[in-house]
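Participant: Mind having a look at this structure? Questions to follow.
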There are 2 protein chains.
Amino acid sequence: MLDLPSAHMPTVAVIGSGSWATAIVKILSERPIKINWWMRSEESVKHIKAFAHNPKYLSDVQIDLNKVAPTTNLNKTIEESKYIILALPAAFIHQALKDVKESQWKGKKFFSAIKGMIPDKHKIISDYLKDEHDISKKNLGVIGGPCHSEEVALERQSYLTISAIDPKHAEILAHLLNCRYIHTHVIDDVAGIEYAAVMKNIISLAVGITRGMNYGDNFQAVLVANAMQEIKRFLDIVAPFNKRDLNESAYLGDLLVTAYSQFSRNRIFGQMIGKGYTAKSAQLEMNMIAEGYYAVKSLMEINKKHKVDLPICEFVYNILYGNQSPTREIRVLEARLK
Amino acid sequence: MLDLPSAHMPTVAVIGSGSWATAIVKILSERPIKINWWMRSEESVKHIKAFAHNPKYLSDVQIDLNKVAPTTNLNKTIEESKYIILALPAAFIHQALKDVKESQWKGKKFFSAIKGMIPDKHKIISDYLKDEHDISKKNLGVIGGPCHSEEVALERQSYLTISAIDPKHAEILAHLLNCRYIHTHVIDDVAGIEYAAVMKNIISLAVGITRGMNYGDNFQAVLVANAMQEIKRFLDIVAPFNKRDLNESAYLGDLLVTAYSQFSRNRIFGQMIGKGYTAKSAQLEMNMIAEGYYAVKSLMEINKKHKVDLPICEFVYNILYGNQSPTREIRVLEARLK
């Protein structure tokens, strides 16, 4: 692990106001650095400045206002920060970034902490930043799990995997995120970590659907084992890399923490589908976004070209977008697993 | 899948009276075959013959006495059966088999459904049968999970993986165990499946210990991901096989169903250790055997020769046999995971 003198600690921006953004702000606050925290809501900024707590997410976490500057000014946030951590739902990122002046991007290091794809564009975040905002590849990276933000709030031991095209930047961010309750390490596989994180949300939807249909632990274990093989087949085509070990924490660990959590939004959404809710009514009922819902559409779109065998993603897609009943699709899936 | 005419269905013996033995008897009873069910207890045999239920384990399961013959006569059981399924704790097997006449073994096909090693001898079951009872390798096989017997009792969809040195016998047993709630498939890796099943119990102990110490979901996800890498390192040395995919159900699935189950004996035992019980008092309190407790001793014994890097097994061993406190050992483990 890099040993960085305090004087050289860069200013970091966190973009987003949700629970994962709040957890990252908390972790970074363990270091003697300045953190510019951007969010859309004026009200939230005011509340945080007045009470040192995010009013909506992880409200128990105390925000250190000596280090953290909440703001709604995105251009200024990016201008004044060297490392930019994106931590908002993938569906909102295009809207959030569209007014940033091109000149602001230059030289900034962007790390995605987002586990989703840009809807309609069907792109992982690093590809989106490269293609749509002309950000140089060498300035791109990703923060991988497995990490429930709720457990970060409780300071329970957790691990993060950092990756960047330029490993020097990954080392620096890993250093900044390392603290008494967070272990970090660096691996080389930006696109692989991103695609795996997208797929784990789809797998969690599948777990939820089968749970909703009263399938048990035995079935879930087989589903998750088969999911790992499915992720491997897909990654080997869309992001080939012969040094990847899918059993590392950023892949298998990240899948497990989501698939086995009762609190996973994707799993809860899936459970409602399995119990017979329509996608629309499940979304209304939950009043939040399950990333996997959009992700499976993008993934299947990408796979039209590659034609990788993806029985679990197909299962989810056919139910959510193909108007097929879970009872019919589960028969097909059961026979394809082993 | 093999299509076997009813007339050629072989007689099968199930050795053991626990919940997994009872579940296997239930599954086999879906076929038109005779099942000789051996157990030590005269009382249990009488109870089953009178009431068609195992008095002690999975008592809700109805035993079909038209097909199933409970008995305490082991020599006769083996003599009258072609396929012998061993489903009793590894610690009891040597005692149970020691009086069987050598002549009875000949030509019989032995499948282990045991997830443990023979204590003191430090051997997986297939090696034990080969070395101690001179059973030909070509007559040996294994039944792999992931499968909680409780869910088999409820007829929830489950999957079994069958392996044998002679694949023909694996195909036949897979056919016999395949039914409306059990999917079976055959792979080629007897020793690998056995060692992985032994290790998953040790991993579950580690999960339990850390849970008992109040570590959360994030940590468990990292622990299990690292465990898969640890299993791979060990299997590559003790049972090398270049076609093995550890993400198949018999390995990863089997680990998940145990590590994430609140009902796993190994996990519960570990949890008590993590909360400060001694191994002896935890055993007294639970009144049952956690296979992992013996397995970790055998595994570390075997590894004296190989010196594979096994941080999680060492963690468990040092606590259970090295008189080290969990609080000390967890610091070492934390730093070795990533």
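The values are calculated or read from the model by the stated rules, or taken from the named source; none is laboratory data. If you're wondering where the values come from, they're calculated on a predicted model, not measured in any experiment. Heads up, the Cβs are rebuilt from the backbone with ideal geometry, glycines too, and the neighbour counts pull from every protein chain shown. The protein model used for the area step is the full one, side chains on, heavy atoms only, and it has no ligands, DNA or RNA in it. Shrake-Rupley method; radii C 1.70, N 1.55, O 1.52, S 1.80 Å.
Participant: Please go through region B:303-329 and give me each residue that is out of contact with any helix residue (DSSP H, G or I) (no Cβ under 7 Å at 6 or more places or on another chain) and β-branched (Val, Ile, Thr), ordered by number.
Facilitator: B:Thr327
Participant: Another one. Just to verify a result, which residue in region B:200-227, among those that are more than 8 Å from chain A (Cβ to nearest Cβ) and among the hydroxyl-bearing types (Ser, Thr, Tyr), is surrounded by the most Cβ atoms within 10 Å (Cβ to Cβ)?
Facilitator: The selected residue is B:Ser204.
Participant: Filter region B:267-290 for residues that are among the polar types (S, T, N, Q) and part of a helix (DSSP H, G or I); which is modelled with the lowest pLDDT?
Facilitator: B:Gln283
Participant: For residues that are open to solvent by 20 Å² or more (accessible area, probe 1.4 Å) and closer than 21 Å to A:Asp245 by Cβ, scanning just region A:166-194, find the one that is farthest from the other protein chains (Cβ to nearest Cβ).
Facilitator: Filtering region A:166-194 down to residues open to solvent by 20 Å² or more (accessible area, probe 1.4 Å) leaves A:166-168, A:171-172, A:178-180, A:183, A:185-188, A:191.
Right, trim to closer than 21 Å to A:Asp245 by Cβ and you get A:167, A:171, A:183, A:185-188, A:191.
Numbers: A:Pro167: 16, A:Glu171: 14, A:His183: 7, A:His185: 5, A:Val186: 10, A:Ile187: 9, A:Asp188: 14, A:Ala191: 20 Å.
Only one residue tops the list, namely A:Ala191.
Participant: Also, I was wondering about something else. If we keep just the residues of region B:238-251 that are touching a residue at least 40 places away in the same chain (Cβ under 8 Å) and over 10 Å from B:Tyr195 (Cβ atoms), which is nearest to the other protein chains (Cβ to nearest Cβ)?
Facilitator: Checked region B:238-251; the qualifying residue nearest to the other protein chains (Cβ to nearest Cβ) is B:Ser249.
Participant: Sticking with this structure for a sec: Inside region A:199-245, can you point out the residues that are closer than 23 Å to B:Ser158 by Cβ and among the small types (Gly, Ala, Ser)?
Facilitator: A:Ser204, A:Ala206, A:Gly208, A:Gly212, A:Gly216, A:Ala221, A:Ala225, A:Ala227
Participant: Residues of region A:154-164 being more than 9 Å from every other protein chain (Cβ to nearest Cβ) and touching a Ser or Thr at 6+ places or on another chain (Cβ under 8 Å), which ones?
Facilitator: At the first step, the residues of region A:154-164 found to be more than 9 Å from every other protein chain (Cβ to nearest Cβ) are A:155, A:160, A:162-164.
Once the filter is applied, which keeps residues that are more than 9 Å from every other protein chain (Cβ to nearest Cβ) and touching a Ser or Thr at 6+ places or on another chain (Cβ under 8 Å), region A:154-164 yields A:Leu160, A:Ile162.
Participant: Scan region A:299-323 for residues that are outside any helix (DSSP H, G or I) and either open to solvent by less than 50 Å² (accessible area, probe 1.4 Å) or at pLDDT below 95 (or both) and jot them down.
Facilitator: A:Val308, A:Leu310, A:Gly322, A:Asn323 - these are the residues of region A:299-323 that are outside any helix (DSSP H, G or I) and either open to solvent by less than 50 Å² (accessible area, probe 1.4 Å) or at pLDDT below 95 (or both).
Participant: I need a count of the residues in region B:315-328 that are under 17 Å from B:Lys275 (Cβ atoms), away from chain A (no Cβ under 14 Å) and not hydrophobic (A, V, I, L, M, F, W, C).
Facilitator: Residues in region B:315-328 being under 17 Å from B:Lys275 (Cβ atoms), away from chain A (no Cβ under 14 Å) and not hydrophobic (A, V, I, L, M, F, W, C): 3 in total.
Participant: Would you mind telling me which numbered condition in (1) buried (at least 18 other Cβ atoms within 10 Å of the Cβ); (2) of a type outside the set (A, V, I, L, M); (3) over 19 Å from A:Val198 (Cα atoms) A:Asp99 fails?
Facilitator: (1)
Participant: If I filter region A:234-245 for residues that are buried (at least 24 other Cβ atoms within 10 Å of the Cβ) and farther than 23 Å from A:Tyr277 by Cα, do I get at least one hit? Break it down into steps so the answer makes sense when it comes.
Facilitator: Of the residues in region A:234-245, the ones buried (at least 24 other Cβ atoms within 10 Å of the Cβ) are none.
Among the residues of region A:234-245, not one is buried (at least 24 other Cβ atoms within 10 Å of the Cβ) and farther than 23 Å from A:Tyr277 by Cα, which makes the answer no.
Participant: Here's a follow-up. Being of a type outside the set (S, T, N, Q) and at positive phi is true for just one of B:Ala90, B:Ala52, B:Ala69. Which residue is that?
Facilitator: The unique qualifying residue is B:Ala52.
Participant: Working only within region B:37-51, note down all residues that are open to solvent by less than 10 Å² (accessible area, probe 1.4 Å) and farther than 22 Å from B:Asp99 by Cβ.
Facilitator: B:Ile48
Participant: Could you tell me which numbered condition A:Tyr293 fails, if it satisfies all but one of (1) assigned to a helix (DSSP H, G or I); (2) out of contact with any Lys or Arg (no Cβ under 8 Å at 6 or more places or on another chain); (3) in contact (Cβ under 8 Å) with a residue 40 or more places away in the chain; (4) under 25 Å from B:Leu252 (Cβ atoms)?
Facilitator: With respect to (1) assigned to a helix (DSSP H, G or I); (2) out of contact with any Lys or Arg (no Cβ under 8 Å at 6 or more places or on another chain); (3) in contact (Cβ under 8 Å) with a residue 40 or more places away in the chain; (4) under 25 Å from B:Leu252 (Cβ atoms), A:Tyr293 is out only on (4).
Participant: Looking at (1) in contact (Cβ under 8 Å) with a residue 60 or more places away in the chain; (2) closer than 23 Å to B:Ser19 by Cα; (3) crowded, with 18+ Cβ neighbours inside 10 Å, which is the one condition that is false for B:Lys82?
Facilitator: If we test B:Lys82 against (1) in contact (Cβ under 8 Å) with a residue 60 or more places away in the chain; (2) closer than 23 Å to B:Ser19 by Cα; (3) crowded, with 18+ Cβ neighbours inside 10 Å, just (3) comes out false.
Participant: When only residues in region A:123-149 that are within 14 Å of another protein chain (Cβ to nearest Cβ), farther than 22 Å from A:Ser298 by Cα and in contact with a strand residue (DSSP E or B) (Cβ under 9 Å, 6 or more places away or on another chain) count, which is least open to solvent (accessible area, probe 1.4 Å)?
Facilitator: A:Pro146
Participant: Need the failing condition index for B:Leu154 against (1) open to solvent by 10 Å² or more (accessible area, probe 1.4 Å); (2) free of Cβ contacts under 8 Å to residues at least 60 places away in the same chain; (3) under 22 Å from B:Ile124 (Cβ atoms); (4) among the hydrophobic types (A, V, I, L, M, F, W, C), just the number.
Facilitator: (3)
Participant: Could you list, in sequence order, all residues of region B:249-298 that are within 18 Å of A:Leu256 (Cβ to Cβ) and open to solvent by 60 Å² or more (accessible area, probe 1.4 Å)?
Facilitator: B:Gln262
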